[in-house]
Amino acid sequence: MESISLRQYFDRESCTYTYFIFDPISKECIIIDPVLEQIERDLESLKIMNLDLIGILETHVHADHITAAYYIREKIGAPIYYGSKSGVKDSDYLLEDGESIQVGKYSILTIHTPGHTKGSVSYYTCGMLFTGDTLFIGSTGRTDFQGGDSGTLYDSIKKKLFLYPDDTKVYPAHDYSGIMFSTIGEEKRWNQNVGKGMTKEKFIESEKEKDRPYPKNFDIAVPANMLCGKKINE
Ligand SMILES: [Fe+2]
């Protein structure tokens, strides 16, 4: 039986995963979280696989790299989607919680999962969750900037993502040790921040105590990403 297809790509510099999700029959495809430096790779991959890009989906306004969304749209005209609370300018669609995008015969569901940033979203399709920086493999995204909030992040994970069946695959926006995916069941058991035994109070307290460095590309990436990745002064 035919099922939806997934390709996972990696940017070494920012340790970002970019995903192609496509219907192998209709060839309609969406891309999640493309990275500016990898635009040639992604456009070439679309061409080689003969895919029709119908949407560029962002999980949130990234602080560590510039998205390729703006320049992919410039090249091939695919519309850009963000969560409706992201605050970005110049996207084509702002997705509400529970809203879906159709890719061939498959549906991609938007789940608002604020906490890492105010406008963070996750996407679900066919037993796979694309969790952005909300839920990492074994950890969670930082909560100390861009409208982040540790209690909100905890609730997004526990009350939304952890409601999915244990065998649901978790595909994050980053992994810094090379792990490509995990499952909801594994995260419920072993995630050091929100796994078994971790209360909301404990999580909030531990987030407060973390001394995290200022992201090195923050001042370049965030202003550009608020314009869908359009570089300032261009
Ligand atoms: Fe992020």
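Only the coordinates and a few stated rules stand behind these numbers; no lab work does. Nothing here was measured: the structure is a model prediction, and the numbers come from that model. Don't worry about glycine lacking a Cβ; one is built from the backbone with ideal geometry, like all the others, and counts go over all protein chains shown.
Here's the list of aspartates and glutamates a cross-link from residue 210 could span, going by alpha-carbon distance under 15 Å and ignoring same-chain residues fewer than 8 apart: 144, 149, 201.
For segment 74-172, trypsin sites (Lys or Arg not before Pro) are listed when DSSP marks them as loop and at most 11 other Cβ atoms sit within 10 Å of their Cβ; the list is 89, 105.
Ranked for footprinting exposure by Cβ neighbours inside 10 Å, fewest first, 29, 126 give 126, 29. For a test of the definition: using alpha carbon positions, the gyration tensor, and the 1.5 limit on a/c, classify segment 1-138 as rounded, prolate or oblate. Rounded, since a/c falls under 1.5.
The sum of -39500 (n - 2.57) across all DSSP H runs of n ≥ 4, divided by the residue count of the chain, sets its helix-only mean residue ellipticity at 222 nm to -6500 deg cm²/dmol. Would you mind checking the pairs 169/200; 27/47; 160/196 and listing those with alpha carbons more than 20 angstrom apart? Pairs exceeding the cut-off: 169/200.
Separation of segment 85-141 and segment 1-51 by C-alpha centroid, Å? About 16 Å separates the Cα centre of segment 85-141 from the one of segment 1-51.
The DSSP beta bridges internal to the chain are antiparallel in roughly 65% of cases. Ordering 10-21, 53-64 by mean Cβ neighbour count within 10 Å, with the highest value first, yields 53-64, 10-21.
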